[in-house]
1. Using r as the Cβ-Cβ distance of residue 80 and residue 109, and R0 as 41 Å, what FRET efficiency do you calculate, to the nearest 0.05?
2. Local charge sum around residue 36 (other residues, Cβ-Cβ under 13 Å, Lys/Arg +1, Asp/Glu -1)?
3. Which translational diffusion coefficient, to the nearest whole µm²/s, is obtained for the range 3-99 from the Stokes-Einstein equation, given a Kirkwood hydrodynamic radius over C-alpha pairs, 37 °C and 0.692 mPa s?
4. Considering only DSSP beta bridges where both residues belong to the range 3-99, give the percentage that are antiparallel (nearest 5).
5. Please list, in chain and number order, the residues 5+ apart from residue 45 or on another chain whose amide H is under 5 Å from its amide H, with Hs placed from the backbone.
6. Determine ³J(HN,Hα), in whole Hz, for all residues of the range 35-47 in sequence, where each value follows from phi through the Karplus function 6.51 cos²θ - 1.76 cosθ + 1.60 and θ = phi - 60°; x replaces Gly and Pro.
7. Please list, in chain and number order, the residues 5+ apart from residue 36 or on another chain whose amide H is under 5 Å from its amide H, with Hs placed from the backbone.
8. What does the charge count near residue 63 come to, summing +1 for each Lys or Arg and -1 for each Asp or Glu among other residues with Cβ under 10 Å from its Cβ?
Amino acid sequence: MTRRTERIAELIREEVSTIILSELHDPRLRFVTITRAEVTTDLAQARVYFSVLGTPGAQRAAMRGLEHAAGHLRRRLGERIRLRRLPALVFRFDEALQKSARLHRILSELGADGQAATTHPAPTPPHGEEEPNEY
């Protein structure tokens, strides 16, 4: 991504988030957070990633709500951002947060059992070398 497309993507993320919070009153979008956006270099498409609290059913409902509101969001975005070509909005569920939470849970479970906290003796320096001082 070029610096320009990065700036446009960040602006789209901020504005879509603001519009959802302030203008849309769809209960399916109550716990939606816009996490990031990616814009193609030709500005034809913006992939808007979101996360939502709740079950997989809540995630599907949020996706349907965002797809339903895509036209309104794009129109309002066009009023707020001046571009010759406003990208089409494509919504994607951001799985990075779920993956991170799952990894954290696994690591904390391993740490609680003591399996991940195995200790190894400190290596001794070769004969004739001094150990480095640590301050």
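Every read-out reported here was derived from the displayed coordinates using simple, explicitly stated rules and does not represent laboratory data. Predicted model, so just to flag it, every value in this text is computed and none were measured. Positions of Cβ are generated from backbone atoms using ideal geometry, with glycine treated the same way; all protein chains shown enter the neighbour counts.
1. Values: r = 45 Å, r/R0 = 1.09.
With R0 = 41 Å, the Cβ-Cβ based efficiency is 0.35.
2. Taking every Cβ under 13 Å from that of residue 36, the sum is -3.
3. Values: Rh = 13.4 Å.
Reported coefficient: 244 µm²/s.
4. 55 percent
5. The list, which skips near neighbours in sequence, is 40, 88.
6. Those phi angles translate into 8, 6, 9, 10, 10, 5, 5, 8, 6, 7, 9, 10, 8 Hz.
7. The answer is 49.
8. Numbers: positive: 28, 60, 64, 92; negative: 67.
That sum, taken over residues with Cβ under 10 Å, equals +3.
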